[in-house]
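The values are calculated or read from the model by the stated rules, or taken from the named source; none is laboratory data. Only a predicted model underlies this, so the values are computations on that prediction, with no experimental measurement involved. Here the Cβ is made from the backbone with ideal geometry for all residues, glycine too, and neighbour counts use every protein chain on show. Accessible surface is based on the protein model in full, side chains and every heavy atom, while ligands, DNA and RNA are left aside. Shrake-Rupley method; radii C 1.70, N 1.55, O 1.52, S 1.80 Å.
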Amino acid sequence: LALAYPFIAHAVRFRMEVAGVVYIPISLVLAGLLLKRLRFDRGTIAIMLGGVVAYYLYLTYTTPGERNYDGPEQVKYLTYIYDNLAIPPSKHCFICHHPPLYYIVAAGALAFFNVVKLIPPNPLGLMIFSLGIFFAFLVYGALFARLYAEDSRVVRIATALLVFWPYSFHNSVRVHNDTLATTLVGAGMYYTALWHKQRKAKHLYLAALC
C-alpha cells in the first residue's frame, strides 16, 4: 500500500501538496501496524511514532546542507549514478571514494520519486528516504533493548533515549551514507545478540550480511 499509493496519487493527478499530506498519516499507520506485528507494547509504539512525527517536523525546516557539511557532495554522488547509471570516478567529488551501496539505493529512491511526482524528489524525497532508513534503525534498536530487558518500562526508556537523542534528529532526515551505515550496524548488533542467545546459524549469517 505504501508503495502503491504514490502511483495512485500520480494517476489521479492529486496536487503534490495534497498527496504529500495524505501520505504522511498513511506512512504512520503502516509503521504502527509493523510495530504491532513485531509485538511491541502500546507505550513503545507511541514513543516510536511520536519520534517519527517529530522527525517530520524537523524535516520541514531543514535542508540537506544544514548540520551536514558534505551534504551537497552526497547529493552530487548519487545524482551522478541516477543520471549515468554508473559509479562516478573518485575525482568527481571529494566523497566519491566511498563505497557505493548507499548511493545506488538512494539513486533508486530518487528515480522512484521522479516517476510518481508525489513530492519534490530532490531534496525532499531523498530526506524522506533517509527517514525510512532511520526508522529501520529505531526498530532494530528497540528490538535489541527488548532482547535484554524483560521489564517493558526499561524497553520504553531505552527506546525513548534512542528516539529522542539529539543525534537521532540530526541523522533521521540526513542525506548521507552514515544513515544507512548506522542502520546496518544496528541490525548487525541485533542479529549477533540474537545468535548469542538462541545459537541459530541464520542469525549469525544475517549479522555477517549486515
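For the peptides 48-60, 89-101, what is the packing order when you average, over each peptide's residues, the other Cβ atoms within 10 Å and list the highest mean first?
Ranked by mean Cβ neighbours within 10 Å, highest first: 48-60, 89-101.
So what is the relative contact order for the chain, in percent, with contacts set as C-alpha pairs under 8 Å and at least six apart? List each step's numbers first, then the result.
On the way: 211 pairs, mean separation 45.1, N = 210.
Relative contact order of the chain: 21 percent.
Could you sort T179, T192 by accessible area so the largest value comes first, with the probe set to 1.4 Å?
Solvent-accessible surface, decreasing: T192, T179.
Given labels modelled 7 Å from the Cα in the Cβ direction, how far is it in nm from L161 to R199?
3.0 nm
Relative contact order for region 131-210 using alpha-carbon pairs under 8 Å, separation at least 6, rounded to a whole percent?
On the way: 72 pairs, mean separation 27.9, N = 80.
It rounds to 35 percent for region 131-210.
Once fully extended, how much extra length lies between Y61 and N122, figured as 0.36 nm per residue of separation less the alpha-carbon to alpha-carbon distance?
20.5 nm
Using a 1.4 angstrom probe on the protein heavy atoms only, could you order K36, K202 from most to least accessible area?
Of K36, K202, the descending order of accessible area is K36, K202.
Given a 1.4 Å probe and every protein chain left where it sits, what share in percent of the accessible area of the chain is carbon and sulfur?
Heavy-atom surface of the chain belonging to carbon and sulfur, 1.4 Å probe: 68 percent.
Kindly provide the helix-only [θ] at 222 nm of the chain, computed as the sum of -39,500 (n - 2.57) over DSSP H runs of four or more divided by all residues, to the nearest 500 deg cm²/dmol?
On the way: 10 runs with 152 residues, N = 210.
Result for the chain: -24000 deg cm²/dmol, rounded to the nearest 500.
From largest accessible area down, sort R39, R156, R174, R67; use a 1.4 Å probe on the protein chains.
Values: R39 200, R156 85, R174 25, R67 120 Å².
The most accessible residue leads, giving R39, R67, R156, R174.
State in Å² the accessible area per residue of the chain; use a 1.4 Å probe, count heavy atoms of protein chains only, and round to the nearest integer. Intermediate results must be reported in sequence, preceding the final value.
Details: 11510 Å² over 210 residues.
Each residue of the chain exposes 55 Å² on average to a 1.4 Å probe.
Just give me a number: lysine pairs in the chain, eight or more positions apart or cross-chain, with C-alpha atoms less than 27 Å apart.
So the count of such lysine pairs works out to 5.
Would you kindly state how much longer the chain becomes between V154 and L209 on full extension, computed as 0.36 nm times their sequence separation minus their alpha carbon distance, in nm to one decimal?
16.9 nm
So between A46 and V185, what do we pick up on full extension, going 0.36 nm a residue minus the alpha carbon distance?
47.6 nm
Rounded, prolate or oblate: which one fits region 122-210, using the alpha carbon gyration tensor with axes a ≥ b ≥ c (rounded when a/c is under 1.5, else prolate when a/b beats b/c, else oblate)?
Here region 122-210 falls in the oblate category.
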